[in-house]
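Enquirer: One structure follows; several queries about it will come next.
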Amino acid sequence: MRRTARIGLAVALVAVLAALLAVRLLESGSPPADIRLDEFTDRISAGQVESAAVDAGAGVVTGRIRTDTGGYGYTVQIAPDYADEITDKLLAAPNQVQVTAVTSGPGLADIVLATLPYVLLAAIVVWVVLRSSGGTRLLARMRRRRVSSDRPDVTFRDVAGLDEAVRELREITDFLGDPAKYAEIGARIPRGVLLYGPPGSGKTLLARAVAGEAGVPFYSLSGAAFVEMFAGVGAARVRDLFKQAKAAGAAIVFIDEIDAVGRVRTATSGGSGDEREQTLNQLLVEMDGFFRASAIVVMAATNRPDILDPALLRPGRFDRHVAVDLPDVNGRRRILELHAKKVPVTAAVDLDLVARRTAGFSGADLANVVNEAALLAAREGHKLVRPDDLSEATERVLAGPERSRVLSDTERLVTAVHEAGHAVCGHALPGAHRVDKVSIVGRGSALGFTTVLPHDDRTLLTRTEYLDELTVLLGGRAAEEVVLGEPTNGASDDLARATRKAREMVCELGMSAKLGPRTFTGDDADPAVAVSAELAAEIDREIGATVAEAHAAAKAIVTDRRDILDAVVTRLLEVEALEGEDLESLLGSRSELGLLGRSDLWPAAHEGRT
Ligand code: ADP
Ligand code: MG
Ligand code: ZN
């Protein structure tokens, strides 16, 4: 009852003020003009205007006019757009009148009167909203989401099994430790680092370790928090965050779940789209506005790098990408060892065995396993964690709700065969990139992956080299066919990429003997030609033939090197990831292998095919 009364009072107040404003507007017409504009211009031309103060905003000129018979003050009304012209006229007058420009903004009373109703109205709305229980919750939430900063005491020693990521991040800690060294030499330091990997793989841990290692403050914000906020709050928060970080001198700004704000802008993004976009824009503005001298590094984490707005990934923004993968068996053992240091275990505990049984577990899962085991031991009154506790804890975590995907034995075998196929083909072909790492620990939606290192900075690629890369792309699929007898659906991404590459070869690079050295897409494409049905069919056939050629080559390699392939598969099933010397020794030294370049078949192979 009291509330309604107060609202009523406020509404009445607003009504009174509005009426006041209306009256004011009505009477505040233009001040009466002393003289007419045409008379004024005549006086100017006659050189009789002595002084002039032009108020363009109000559209008024005031001053003095002197005639033979004496002088008098004047006020003349002009159109605001006309002010410049009048000024020019005055300056060009025979007596070159001194013109002063004045700006008489609205008086204080006008401003107060004009804005008061809005201020009051806003106050009422805010008051009503905050009185409600939802408002109280909202206030509480906004308070909780304050930008938090701390100086983490974790370092890279608290991170296990992410050697590659740590290696890449050492450069950042080195920079934060001595920014001047880098500034002197004019080095461009990566200012935005994107950590990507599945949940629980240690992204937050890594970001904190970078700050801890460098001894700088750590400011963190979650992308998801922005999206739930009022319009404009997200952007303001970003501004605050950077202001604080800049004041600190050197700092890590960490934006968790950046995909929540940095998703590709789409038309269908709905109501929160505007807010997200504002926040995102503010983030980009802040990142673009860094001074060379400031030592702020922005780190962001996501498990969906594929959906990020490309604007975020441009040079000068998040241009350094660090993969934070799930650990392989060796990494898992080291993570377990790290966490087991905090709980006492019996001598019988074999962490190696636990590591082998926890394929697909993330670092967070493993930390959880150790913790659960300690809880189980404590519940039963034991002082030390026994192997049984760890087994049971593993089962529990496995059954838990937030488990990452664990591959069945069959899936592991198929994945190993597939990846080994890529590796063996890549290693056998001189035109392909060097195989860097093979893994059956998933990355993104892929169950396994094979990464390659370009062996030099090739910019000119022969058809053989293109074909070799195409063959490597199809190597996984070929291995499935040769070893398992039929393909699985696991190679769909490879197939899509292979098809794109073959299309590029045929349509853009003139690498089809049949169609000749011409293009069928891109700027030079002749749409009239490109749509001809026969030609389209011919293009299709050539793309198909190119893919088929690479596929046949891949199958031949896999069949030929079956023993090597089997060895890689066996080892992969044991250790899950292979790289460096381990991988080389299985694949054999590259130079000893016979060349499988097929340039001698070009263009004969094509002409022979119909
Ligand atoms: P993310 O941010 O990738 O989801 P977190 O960094 O939050 O993962 O990991 C949660 C917890 O799991 C960490 O605090 C740590 O205890 C443990 N953890 C995850 N990865 C590792 C790792 N590589 N080494 C040691 N502990 C890890
Ligand atoms: Mg995290
Ligand atoms: Zn593949």
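Enquirer: Would you mind getting me the FRET efficiency between THR410 and LEU375? Use the beta-carbon distance for r and R0 = 35 Å, nearest 0.05. Write out the running numbers ahead of the final one.
Expert: On the way: r = 33 Å, r/R0 = 0.95.
For R0 = 35 Å, the calculated efficiency reads 0.55.
Enquirer: Highest mean first, how do 298-304, 578-584, 472-478 rank when packing is the count of other Cβ atoms within 10 Å averaged over residues?
Expert: Details: 298-304: 23.4, 578-584: 15.0, 472-478: 29.3.
For the peptides 298-304, 578-584, 472-478, the packing ranking is 472-478, 298-304, 578-584.
Enquirer: Modelled label-to-label distance, TYR72 and ARG434, 7 Å Cα→beta-carbon offset: nm?
Expert: Going from the TYR72 label point to the ARG434 one covers 9.7 nm.
Enquirer: Carbon and sulfur atoms: what percent of the 1.4 Å accessible area of the range 305-458 do they account for? Working shown, then result.
Expert: On the way: 3760 of 7160 Å².
The value for the range 305-458 is 53 percent carbon and sulfur by accessible area.
Enquirer: Would you mind computing, in nm to one decimal, how far apart the modelled labels at ASP560 and ARG541 are, each placed 7 Å from Cα along Cα→Cβ?
Expert: Each label point is offset 7 Å from its Cα along the Cβ direction, giving 2.9 nm.
Enquirer: Given a Förster distance of 25 angstrom, what is the FRET efficiency for SER585 paired with ARG157, based on the Cβ-Cβ distance and rounded to 0.05?
Expert: The computed FRET efficiency comes out at 0.25.
Enquirer: Continuing with the same structure: Amide H to amide H under 5 Å from VAL102: which residues, 5+ apart in sequence or cross-chain, H placed 1.01 Å off N in plane?
Expert: VAL54, ASP55, ALA56
Enquirer: Defining a contact as two alpha carbons under 8 Å apart and six or more residues distant in sequence, what relative contact order in percent does the range 329-399 show? Walk me through the intermediate numbers first.
Expert: Details: 74 pairs, mean separation 26.9, N = 71.
Across the range 329-399, relative contact order equals 38 percent.
Enquirer: List the lysines whose Cα lies under 26 Å from the Cα of LYS514, skipping any in the same chain that are fewer than 8 positions away.
Expert: Partners within reach: LYS501, LYS555.
Enquirer: Further question on the same structure: If we sort 309-316, 96-103, 327-334 on the protection proxy, mean other Cβ atoms within 10 Å, highest first, what's the order? Provide the component values of the computation, followed by the final result.
Expert: Working: 309-316: 15.0, 96-103: 13.4, 327-334: 21.9.
In decreasing order of mean packing, 309-316, 96-103, 327-334 become 327-334, 309-316, 96-103.
Enquirer: Could you tally the net charge around ARG36, taking each other residue with its Cβ under 12 Å from the Cβ of ARG36, Lys/Arg +1 and Asp/Glu -1?
Expert: Numbers: positive: ARG43; negative: ASP34, ASP38, GLU39, ASP42.
Net charge around ARG36: -3.
Enquirer: I'd like to check one number: the per residue accessible area of the range 329-399, probe 1.4 Å, reported in Å² as a whole number.
Expert: Ligands and nucleic acids excluded, the figure is 51 Å² per residue.
Enquirer: Please give the peptides 213-220, 459-466, 545-552 ranked by average Cβ packing (other Cβ atoms within 10 Å per residue), highest first, as a rough proxy for protection. Please report the intermediate quantities before stating the final value.
Expert: On the way: 213-220: 21.4, 459-466: 14.1, 545-552: 19.8.
Descending mean neighbour count gives 213-220, 545-552, 459-466.
The values are calculated or read from the model by the stated rules, or taken from the named source; none is laboratory data. Predicted, not measured: the structure shown is a model, and the values here were computed from it. Here the Cβ is made from the backbone with ideal geometry for all residues, glycine too, and neighbour counts use every protein chain on show. Note: areas computed on protein heavy atoms with side chains; ligands, DNA, RNA excluded. Shrake-Rupley method; radii C 1.70, N 1.55, O 1.52, S 1.80 Å.
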